[in-house]
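Just below is one structure, and these are the notes that go with it.
The values are calculated or read from the model by the stated rules, or taken from the named source; none is laboratory data. As the structure is a prediction and not an experimental result, all values here were calculated from the model. Quick reminder, even Gly has a Cβ in these numbers, built from the backbone with ideal geometry, and neighbours come from all protein chains shown.
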Amino acid sequence: MTTVITPERLAAFDEATTAELARRLEEEDYPTPFDSLEDWHLMRALAIHRPELARPYVHLVDQEPFDED
């Protein structure tokens, strides 16, 4: 089951929860590839909408840092 990424869900993230998400992505220890893909999409959404949290982990989404200004 896919979890929807909403503005409220992204707003609930802080440094600790973002670090936990990054840890899971770095360890790549998922029961299915779809579980890792869901976390990847979540980290990507954080990189776009909450770049201050995702900046240390931008390497996990294989993209260059964003400049939305």
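All conditions in (1) of a type in the set (D, E, K, R); (2) at pLDDT below 90; (3) surrounded by 10 or more Cβ atoms within 10 Å (Cβ to Cβ) hold for GLU68, with the sole exception of (3). Of all residues in region 33-54, exactly one satisfies the criterion of being in contact with an Asp or Glu (Cβ under 7 Å, 6 or more places away or on another chain) and either within 10 Å of ILE5 (Cβ to Cβ) or of a type outside the set (S, T, N, Q) (or both), namely LEU53. Number of residues in region 6-58 that are surrounded by 13 or more Cβ atoms within 10 Å (Cβ to Cβ), modelled with pLDDT of 95 or more and assigned to a loop (DSSP other than H, G, I, E, B) equals 2.
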